[in-house]
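**Student:** My structure is below; once you've seen it, I'll send some questions.
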Amino acid sequence: MNRRKFLSILGSAGVVSALSTAREAKAGGTHSFPYYEGSYGVLHDTTRCIGCRQCEAACNQVNNLPKPQKSFDDLSVCATRRRTSAREWTVVNKYVVHGKPVFRKLQCFHCNDPACAAACFAKCFQKQPDGSVAYDGTQCVGCRYCMIACPFYMPGFQYDDAFDPLVMKCTFCAPRMKEGKLPGCIEACPMDALTFGKRSDLIKVARSRMRKSPGKYVDYIYGEWDAGGTAWITLAPASGTATAASANPAHDLHPLDLDTHLGNRPIGELTYGALGAVPMIVAFWPVLFGGAYAISKRRDAIHEAEKEAVAREVKNDISYVVNTAANKVAETHGPAAADTVRQAASDALKVCERPLRS
Ligand code: SF4
Ligand code: SF4
Ligand code: SF4
């Protein structure tokens, strides 16, 4: 029994929202969110990037973010593997790839099928027709499941705001786009390392660059398909001959911290698949993510043995709740439906376990 059938069973029992069923039908069973044909994206050509941090400065300015501790003129910070945060929606890091420096700009990738949106109960994230993934914090409960679900670790949290902390991330400068302006970082880049356009055109531009300069680029457009595809895509420099590069793109992408193991299916499919079985699954979802969050938050601080003990404990909790939920489904819808609930839980657990390996 496939998930569509499973959802239709649950739907007929009145436990799946009309929204999720509609999405499932529209998306052909693979994607949870519609793909907007004319949506925009950005091509980051890392062979052009010089690590000048002008994009960081522009992002800070156009979004009225807090002043950085070190000036944007200080390029030495690029040598540290920085992550985006509530105060820094984009950072440029320096990587050494086969002995040569390469700079890569990090920000929300504006996934076609955002895992952050799939994981959020409060529906704070929405994929927009312009390609951006928008966040509206008015309903945000601060659970930070979006942060755990994001395969790129992009959303930041306002930990220092005691009263109304929100999740913060790159907005794709959607307000500027609405005014017909370019995103701040793209306008500021002096090297044309960031190209704005329709995502479908950018894929063609990327292919054309690879064709015109054989051996210059890794034969792989990062984000074309990864994690279900992203609006922001990346070209990386090849290390040697075109043959060597095309034989193993991961060889050249991993040193840039570009994860080629995410697969081509949306990460959100895993989370949304489990969320599709609400409210049965919703009952244990906080346990799943709460447990994973507790572990990931403490992972730097606790000893390996203790970490394993916590993980075991969380998994036991999850097994108990999943089995209870599956037994209830079995009573009303039969054993096949119960198996699907267990499979959804197992998929969800894979997402939860991911932060433990980083
Ligand atoms: S990169 Fe992360 S935060 Fe951005 S849309 Fe994708 S899942 Fe959401
Ligand atoms: S698109 Fe806007 S919000 Fe996103 S990194 Fe660029 S300047 Fe910052
Ligand atoms: S402004 Fe352009 S060249 Fe400078 S660091 Fe950002 S992406 Fe690279």
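**Student:** Going by average Cβ density within 10 Å per residue, which order do the peptides 65-71, 163-169 take, highest to lowest?
**Tutor:** Highest mean packing first, the order is 163-169, 65-71.
**Student:** Applying the Karplus parametrisation 6.51 cos²θ - 1.76 cosθ + 1.60 with θ = phi - 60° to the phi angles of the stretch 95-110, what ³J(HN,Hα) value in whole Hz is obtained for each residue in order, glycine and proline being reported as x?
**Tutor:** Computed from phi, the couplings for the stretch 95-110 are 10, 10, 10, 6, x, 10, x, 9, 10, 10, 8, 10, 6, 3, 7, 6 Hz.
**Student:** Rounded to whole Hz and in sequence order, give me ³J(HN,Hα) for the stretch 33-49 from the Karplus expression 6.51 cos²θ - 1.76 cosθ + 1.60, θ = phi - 60°, writing x for Gly and Pro.
**Tutor:** 10, x, 9, 8, 3, x, 5, 8, x, 9, 9, 9, 9, 5, 6, 9, 6
**Student:** In whole Hz and in residue order, list the ³J(HN,Hα) couplings for the stretch 83-88 that follow from phi through the Karplus curve 6.51 cos²θ - 1.76 cosθ + 1.60, θ = phi - 60°; x for Gly and Pro.
**Tutor:** Ordered by residue, 3J(HN,Hα) equals 10, 5, 8, 4, 9, 10 Hz.
**Student:** Tell me which residues come under 5 Å, amide H to amide H, from CYS111 once H is placed; ignore anything under 5 positions away on its chain.
**Tutor:** Residues meeting the criterion, in which the H sits 1.01 Å from N, are ALA231.
**Student:** Amide H neighbours of VAL42 under 5 Å, at least 5 residues apart or on other chains, H built in the peptide plane: list them.
**Tutor:** The answer is TRP232, ILE233.
**Student:** Something else: Which cross-chain or sequence-distant (5 or more) residues have an amide H under 5 Å from the amide H of MET168, H modelled 1.01 Å from N in plane?
**Tutor:** Under 5 Å from the amide H of MET168: GLY156, PHE157, GLN158.
**Student:** So what are the three principal axis dimensions of the stretch 36-263 from its Cα atoms, in whole Å, longest to shortest?
**Tutor:** 55, 39, 34
**Student:** A further question on this structure: Rank TYR145, TYR222, TYR159 by accessible area, highest first, at a 1.4 Å probe radius? Numbers along the way, then the final one.
**Tutor:** Values: TYR145 25, TYR222 0, TYR159 140 Å².
Listed by decreasing accessible area, they come as TYR159, TYR145, TYR222.
The values are calculated or read from the model by the stated rules, or taken from the named source; none is laboratory data. What you are looking at is a predicted structure, and each value in this text was computed from that prediction instead of being measured. Note that each Cβ is placed from the backbone with ideal geometry, even for glycine, and that neighbours are counted across all protein chains shown. We work out accessible area using only protein heavy atoms, side chains counted, and drop any ligands, DNA or RNA first. Shrake-Rupley method; radii C 1.70, N 1.55, O 1.52, S 1.80 Å.
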